[in-house]
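Input: a single structure, listed below in structure tokens.
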Amino acid sequence: MSEAGLQQAQDKMRAAGAAEVAIRVFTHYYRLLESGQQGTIREDDIEPVGDLPHLDHLDPAPEAMQAALAETVVIKLNGGLGTSMGVTGPKSALPVKDGLSFLDIIARQILSTRRQYDVPLPLVLMNSFRTREESLQVLSEYDGLPVDGLPLDFLQNMEPKLLADDLTPAEWEADPELAWCPPGHGDLFTALVASGTLDALREHGFRHAFISNADNLGATADPRIAAWMAEHDVPFGMEVCRRTRSDRKGGHVAVRKSDGRLILRDSAQVAEEDTKYFQDVTRHRTFNTNNLWIDLDRLAELMDGHDGILGLPIMVNRKTVDPADPSSPKVIQLETGMGTAIETFEGSQAVIVDRSRFKPVKTTNDLLVLRSDVYELDDAGDLTTTHEGDEPYVDLDPEHFKILADFDAHFVAGPPSLVRADRLEVRGDVVFGKDVTVVGDVEIEAPAGERRLIPDGTVLEG
């Protein structure tokens, strides 16, 4: 049955106009799934990483930084919608700071770095069909942003969701688009080849790519890392941060015993009996920020040498065909993570960076911190903070704050001041007035079934 399922899936992809390299990659992972592979990485097969270089200790010469940045392109993963926050458009188009969206701020960061170092520094988005039009419209407001001969974006690939019981491609008449899924952000490498973007970048003399998520505004093209990559001929560099208890479920780097290579292990690749080791932040001390640096020539060599199949570890994602309908058919999505490419490049390295380079916005909790006075945005698009220590922990009641429209309705007069806050926990229907200040450790609760208003000018102190 699975052989017929593979043929049906391949035919479906060809009928939809998928590139042959994308079909080959899908076929590779279908075969792995068929053979029973789940991508599990056992604790017995790895060991913790040793000492790693720290960004603050890299001290290249100014001319080395300028030269390295002149050969660098910035690629932003921009395929995501704001569905988890009730938004249907590109997440990166959401206003996040001073009325500016992620994309506005990214464009300002790029243009500022170009001026500072006198480099071309192209910006290229990996879009999905759903994010492309609106995202390019936002960027069209910035004169001079496109670089001659290079695209502003390329499209990620799509593949069929597979019915869990027989591995045939799923169909869903109520919304046919739900029968398709992206192959995870590891598809970046395939999409770079399929779109011709990798060839175009190399033909224009770009040697390195800095890749990060569009919702992480701390991820700027740091010239010190660019120079470090060039000086040490690093084929693949991963930025990592020190893990804390709050990061115990995030993917960590480790050393594979069999060949001594750095690898990335995500939560989906952990055997149940190894969970305690995976979550031990004193054993596995660093996590992947998804800020990656890649030598484009080495990437091209690997892709050419393996028929476009980089061979990233498989991730088997089990869902329902309609994520909002748990009664809809169970499906499997074949995925890969781009950070797992660390094991495919011989000589990959990791560099420790501060949390200032890792500020993803995954929930409205993160959005409130970013919109508050914890961070200030300068003309160059850089975020700075005057908050001492770690940024405040925010936990908003999901019933009233998870969806963006509801979140905004509870902060009509703007976010509270959090620059002196350590923790803010909100339970129930709490509406904040103007110029509210949170100090220290604060918990607020509304009576069940009632709305509580925090008056203008209130100082909440734990």
query: Spin-label point model (7 Å from Cα, Cβ direction): what's the residue 143 to residue 328 distance in nm?
result: 4.6
- prompt: How much of the accessible area of segment 404-462, in percent, comes from carbon and sulfur atoms when a 1.4 Å probe is used?
  reply: 47
- prompt: For segment 253-365, what is the relative contact order in percent, using Cα pairs closer than 8 Å and at least 6 residues apart in sequence?
  reply: 26
- request: Go ahead and collect, in residue order, the members of segment 316-348 whose backbone nitrogen is under 17 Å from a label point 7 Å along the Cα-Cβ direction of residue 362.
  value: 317-318, 336-340
- prompt: Which of the lysines could a cross-linker span from residue 76 if the Cα-Cα distance has to be under 27 Å and same-chain partners fewer than 8 positions apart are dropped?
  reply: 91, 97, 161, 249, 319, 359, 362, 402
query: In debye, nearest 20: dipole of the chain around its Cα centre with unit charges on the Cβ of K, R (+) and D, E (-)?
result: 360
message: If amide hydrogens are placed 1.01 Å from N in the peptide plane, which non-local residues have theirs closer than 5 Å to the one on residue 462?
response: 439, 441
task: Order the following by accessible area, largest value first: 161, 91. Probe radius 1.4 Å; ligands, DNA and RNA are ignored.
output: 91, 161
- request: Leaving ligands, DNA and RNA out of it, rank 30, 142 by accessible area with a 1.4 Å probe, largest first.
  value: 142, 30
field: Cα Rg over Rh - the chain, Kirkwood
entry: 0.96
query: About its Cα centre, what dipole magnitude does segment 52-186 give when the only charges are +1 on Lys and Arg Cβ and -1 on Asp and Glu Cβ, stated in debye to the nearest 20?
result: 360
- prompt: In percent, what relative contact order does the chain have, based on Cα pairs under 8 Å that are 6 or more apart in sequence?
  reply: 18
task: Multiply the residue gap between residue 20 and residue 273 by 0.36 nm, knock off their C-alpha separation, and tell me the result in nm, one decimal place.
output: 87.2 nm
message: Skipping prolines and chain starts, which residues have an amide H placed within reach, meaning under 5 Å, of the one on residue 49, given they are 5 or more residues away or on another chain?
response: 255, 285
statement: Over segment 173-238, with neighbouring protein chains present, the accessible area per residue in Å² at probe 1.4 Å is 33
- request: From largest accessible area down, sort 243, 132; use a 1.4 Å probe on the protein chains.
  value: 132, 243
field: Table column - 3J(HN,Hα) (Hz), segment 379-387, Karplus curve with 6.51, -1.76, 1.60, x for Gly and Pro
entry: 5, 7, x, 8, 9, 10, 9, 10, 6
- request: Report the calculated FRET efficiency for residue 376 and residue 115 (r = Cβ-Cβ distance, R0 = 22 Å), to the nearest 0.05.
  value: 0.60
task: For an R0 of 56 angstrom, estimate the FRET efficiency from the Cβ-Cβ distance between residue 8 and residue 458 and round to the nearest 0.05.
output: 0.40
- prompt: Given a Förster radius of 35 Å and the C-beta distance between residue 244 and residue 173 as r, what FRET efficiency does 1/(1 + (r/R0)^6) yield to the nearest 0.05?
  reply: 0.15
- prompt: Using mean Cβ contacts within 10 Å as the protection proxy, how do 199-209, 289-299 order, highest first?
  reply: 289-299, 199-209
query: Which length gain, in nm to one decimal place, applies between residue 52 and residue 427 when the Cα-Cα distance is subtracted from 0.36 nm times their residue separation?
result: 130.9 nm
- prompt: Quick one: Debye curve from the C-alpha atoms of segment 393-449, no solvent, what's log10 I(q)/I(0) at q = 0.27, 0.31 Å⁻¹?
  reply: -1.25, -1.40
- line: With residue 150 itself left out, Lys, Arg at +1 and Asp, Glu at -1 over residues whose Cβ is under 13 Å from its Cβ give -3
query: Roughly how many whole Å is it from the C-alpha centroid of segment 18-69 to that of segment 199-238?
result: 14
- request: Please express the Cα-Cα pair-distance distribution P(r) of segment 109-226 as a list of whole percents, one per 10 Å bin, running from 0 to the bin with the greatest distance.
  value: 11, 36, 32, 13, 7, 1
query: Rounded to the nearest 500, what is the chain's calculated 222 nm mean residue ellipticity when only DSSP H runs of at least 4 contribute -39500 (n - 2.57) each, over all residues?
result: -7000 deg cm²/dmol
field: Angstrom value of the Kirkwood radius, inverse mean 1/r, which spans all Cα pairs in segment 27-171
entry: 19.2
field: Against the rule of thumb 2.2 N^0.38 Å, how large the Cα Rg of segment 292-334 comes out
entry: 1.83
task: Read phi for every residue in segment 111-120 and hand back ³J(HN,Hα) as whole Hz from Karplus 6.51 cos²θ - 1.76 cosθ + 1.60, θ = phi - 60°, with x for Gly and Pro.
output: 5, 5, 5, 4, 5, 5, 10, 6, 10, x
task: Report in % the part of the accessible area of segment 310-396 that belongs to carbon and sulfur, leaving out ligands and nucleic acids; probe 1.4 Å.
output: 46
message: List the residues, sorted by chain then number, that are 5 or more residues from residue 372 or on another chain and whose placed amide H is less than 5 Å from its amide H.
response: none
field: When the convex hull of its Cα atoms is projected in every direction, mean area for segment 185-279 (nm²)
entry: 8.7
query: Which distance in nm do the two modelled labels at residue 233 and residue 388 give, with both placed 7 Å along the Cα-to-Cβ direction?
result: 4.9
Surface per residue (accessible, 1.4 Å probe) for segment 313-462, Å²: 48
message: Under the 0.36 nm per residue contour assumption, what length would be gained going from the current alpha-carbon distance of residue 402 and residue 255 to full extension?
response: 49.1 nm
message: With equal scatterers on the alpha carbons only and no solvent term, can you work out the Debye log10 of I(q)/I(0) for segment 272-363 at 0.14 1/Å?
response: -0.84
query: Quick one: accessible area per residue over segment 25-156, 1.4 Å probe, rounded to a whole number of Å²?
result: 45
- prompt: Based on DSSP, what percent of beta bridges with both residues in the chain are antiparallel, to the nearest 5?
  reply: 50
- line: Sequence order, segment 295-303: Karplus ³J(HN,Hα) from phi using 6.51 cos²θ - 1.76 cosθ + 1.60, θ = phi - 60°, Hz rounded, Gly and Pro as x, gives 7, 5, 5, 5, 4, 4, 4, 5, 5
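The values are calculated or read from the model by the stated rules, or taken from the named source; none is laboratory data. Quick caveat: nothing in here was measured; it's all calculated off a predicted structure. Neighbour counts are summed over all protein chains in view; Cβ atoms, including those assigned to glycine, are modelled from backbone coordinates with ideal geometry. SASA here: full protein model, heavy atoms, side chains in, ligands and nucleic acids out. Shrake-Rupley method; radii C 1.70, N 1.55, O 1.52, S 1.80 Å.
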